[in-house]
Amino acid sequence: MAGYRKSGKQVVLATAMLVAWAGASAGMEADRGADRDAATHAAGKPEALFNGRDFQGWELLAGKDMSPEGAFTVLAGGVIASSGQPSGFLATTASYRNYRLHVEWRWPGKPGNGGVLLHISPGPMDRVWPLSLQVQTKHGSSGDLLPMSSYAFTEAPTSAPGAQPVIKAHTAPDSELPAGEWNSADIVSRDGVVEVSINGVPQNRISQGKPDSGRIGFQLEGAPYELRNVQLERLE
């Protein structure tokens, strides 16, 4: 995700996103009894975050009134196809804290930009992006970590002081597969520590992340991509 100067149009979009997010956040507070952190799936048993049929349990936040079907499609075999448009993100309606998350993605056409958002929480927006930690899936940068809005962690970023966006780059040689092939990200979140492996290669780690819980999401940043086998295992 590249930094850029806000235009008037982007300010309007960000404001609309903030209003939509505020409404969604209010719904979250009112419905905490249904929060998956509290409830129905036992720790240690992986659960599929997409049901393979529709987008129950997900909502699209993209600065306009759109259902997830406006930007995502369920394909044969439960593959989730993203159009990459409009700018925004798809988020779970439930929140999570300690977990192991497995995500597989690929670029069916020209590789582009994207990311997995962790610990999405109410708060100031970064343009159209929520308070969260981004695990970068951008082609050539997979495994980078980006603190979005006021998200914070202990480790120093690798980006230059004052540069935007702030980045903690992946630590091992690039382990992303060629365009068209399925990549995997394995993410462990436990008590503010987040560890990321790309295609089995450890690539990044942060500690004392704040917030340390929240919703999970996928960015829309212009390039179509596909998802499959998005599974979460709760950790005690």
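The values are calculated or read from the model by the stated rules, or taken from the named source; none is laboratory data. Owing to the predicted nature of the structure, the values given are computational and were not obtained by experimental measurement. Side chains included, ligands, DNA and RNA excluded: accessible areas come from the protein's heavy atoms. Shrake-Rupley method; radii C 1.70, N 1.55, O 1.52, S 1.80 Å.
Past 25 Å, Cα to Cα: identify those pairs from Lys64/Lys110; Lys45/Lys168; Lys138/Lys210, in the order given.
Table pairs above 25 Å Cα-Cα are Lys64/Lys110; Lys45/Lys168.
Using θ = phi - 60° and the Karplus relation 6.51 cos²θ - 1.76 cosθ + 1.60, list the HN-Hα couplings for region 105-121 in order, rounded to whole Hz, with x at every Gly or Pro.
So the J values, rounded to whole Hz, are 9, 8, 9, x, x, 5, x, x, 10, x, x, 9, 9, 10, 6, 4, 9.
Counting only heavy atoms of the protein chains, get the accessible area per residue of region 100-207 (1.4 Å probe) and round it to a whole Å² value.
Accessible area per residue, region 100-207: 38 Å².
Contour minus end-to-end for Glu155 and His102, with contour as 0.36 nm per residue of separation and end-to-end as the Cα-Cα distance?
Extra length available between Glu155 and His102 comes to 16.7 nm.
Tell me which residues come under 5 Å, amide H to amide H, from His170 once H is placed; ignore anything under 5 positions away on its chain.
Asp144, Leu145
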